[in-house]
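Step one of this worksheet: look at the structure below.
The values are calculated or read from the model by the stated rules, or taken from the named source; none is laboratory data. What you are looking at is a predicted structure, and each value in this text was computed from that prediction instead of being measured. Glycine also receives a Cβ, built like all others from the backbone with ideal geometry; neighbour counts cover every protein chain displayed.
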């Protein structure tokens, strides 16, 4: 059997899981279900598969620290390939495949998303071995999960004829997310959920890229040729990577290739795409409630409550989601979980940094603008609190500040050439412009 190289794609920010997941702390690194992040669970799920040679993580520069820290926590070594920019999944997967091919011309890539939940790791490993063996026959194998409900949030696969020994089947069609009536029909007709995880020989996939998206194949090979690893981290060449078309793996290859196959998988799976999926994957009490943090529930049922900040009490409600962070709180009906993205899009349209960044605390700071030359930061200080102000230009928007024996009222502009301590007399709001 060929050696297996798990490639874990670790990008994205999980907009539908706001306010817990944001660009500066994406969902794959959060402990949303259990004591480990979905990224850590994914790494642990693949490290002991028979035949695994090297684990490869593909991520962006902003997430390298998360990846390094969380792999160290689970005592697992991995190679980290760093994308210079986000260009959708095809360039990232192709670059990883090109890297694997330099290590092993016959290597099989097991490509997985970092933000999925699998409840049955042993069953997953069996399916992964089956998919890897099929991939040795120049098939591009996807994992098709047996549906449990007529879900409208997933793409589906229509299985075709049995292939090889019958352990995998041809893909007759990939179909987009259906409406409710269509999803119910798919369930009856034996369609499978498209998990978005794959197994393929690196050489096979690169050959398909050469046929369908040659710019992606050329960019991937150039990146692999120029790659230098330092302490297990390799940064893909910016100029070479930018030459690749910005396109997903599905559109680039899977919907065009004649080599697509599917291994029907019986493990419980979720893409953890929204808060209703987190509730579904979480341990629940006899009333169907899932809770995490400083939380109490009374006469509540089928509720998800999560707090990393204030105490949350929930009384006499059902089928809702409550997510409390130190700087934001979300309350919605579970069936409306997908609409959280609309809420976040509205915050972004208003220029609210809270949509993508976490403030230190409700009375803390919020970065409004960040450029190569300076940061503009909004700070709030409760009455009586002493704050440390860095080298900056401070504009006092409201309240009164006492600093070095002087009192400054709203409207004051204060240039600071060194760090100072100031006390808020009454609640104060400040605008800081800091050089970088």
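Take residue 281 and tell me if it is touching a residue at least 60 places away in the same chain (Cβ under 8 Å) and either under 21 Å from residue 154 (Cβ atoms) or within 19 Å of the chain's Cα centre (by Cα) (or both). Even if it seems obvious, please write down each step before you answer.
Numbers: touching a residue at least 60 places away in the same chain (Cβ under 8 Å): yes; either under 21 Å from residue 154 (Cβ atoms) or within 19 Å of the chain's Cα centre (by Cα) (or both): yes.
Yes; evaluated as a whole, the condition is true for this residue.
Taken together, 252, 277, 258 contain a single residue that is assigned by TED's automatic domain parsing to the domain that holds residue 95 and either outside any helix (DSSP H, G or I) or farther than 30 Å from residue 216 by Cα (or both), which is 258.
Across segment 44-76, the number of residues qualifying as under 14 Å from the mean Cα position of the chain (by Cα) and either in a loop (DSSP other than H, G, I, E, B) or within 23 Å of residue 130 (Cα to Cα) (or both) comes to 1. Would you check if there is a residue in segment 197-210 being part of a helix (DSSP H, G or I), surrounded by fewer than 17 Cβ atoms within 10 Å (Cβ to Cβ) and modelled with pLDDT under 95? No, because not a single residue in segment 197-210 is part of a helix (DSSP H, G or I), surrounded by fewer than 17 Cβ atoms within 10 Å (Cβ to Cβ) and modelled with pLDDT under 95. Residues considered: 335, 358, 348. Of these, the only one that is surrounded by fewer than 18 Cβ atoms within 10 Å (Cβ to Cβ), within 21 Å of the chain's Cα centre (by Cα) and either farther than 18 Å from residue 15 by Cβ or not assigned by TED's automatic domain parsing to the domain that holds residue 398 (or both) is 348. With respect to the conditions (1) more than 14 Å from residue 15 (Cβ to Cβ); (2) crowded, with 18+ Cβ neighbours inside 10 Å; (3) at pLDDT 90 or above, residue 353 lacks only one, and its number is (3). Among the residues making up segment 3-25, those that are modelled with pLDDT of 90 or more, surrounded by 16 or more Cβ atoms within 10 Å (Cβ to Cβ) and outside any strand (DSSP E or B) are 16, 17, 18, 19, 20, 21. Only residues that are part of a strand (DSSP E or B) and either within 17 Å of residue 284 (Cβ to Cβ) or touching a residue at least 12 places away in the same chain (Cβ under 8 Å) (or both) were counted in segment 302-333, giving 20.
Of the candidates 102, 79, the single residue that is modelled with pLDDT of 95 or more, under 22 Å from the mean Cα position of the chain (by Cα) and surrounded by fewer than 24 Cβ atoms within 10 Å (Cβ to Cβ) is 79. Selection of segment 247-275 for residues being more than 26 Å from residue 132 (Cα to Cα) and modelled with pLDDT of 95 or more yields only 275. The residue list 422, 428, 407 contains one member that is in a strand (DSSP E or B) and surrounded by fewer than 16 Cβ atoms within 10 Å (Cβ to Cβ), which is 407.
With respect to residue 143, is the statement that it is part of a strand (DSSP E or B), touching a residue at least 40 places away in the same chain (Cβ under 8 Å), under 27 Å from residue 8 (Cα atoms) and assigned by TED's automatic domain parsing to the domain that holds residue 265 true? Spell out how you get there, then give the answer.
Numbers: part of a strand (DSSP E or B): yes; touching a residue at least 40 places away in the same chain (Cβ under 8 Å): yes; under 27 Å from residue 8 (Cα atoms): yes; assigned by TED's automatic domain parsing to the domain that holds residue 265: yes.
Yes.
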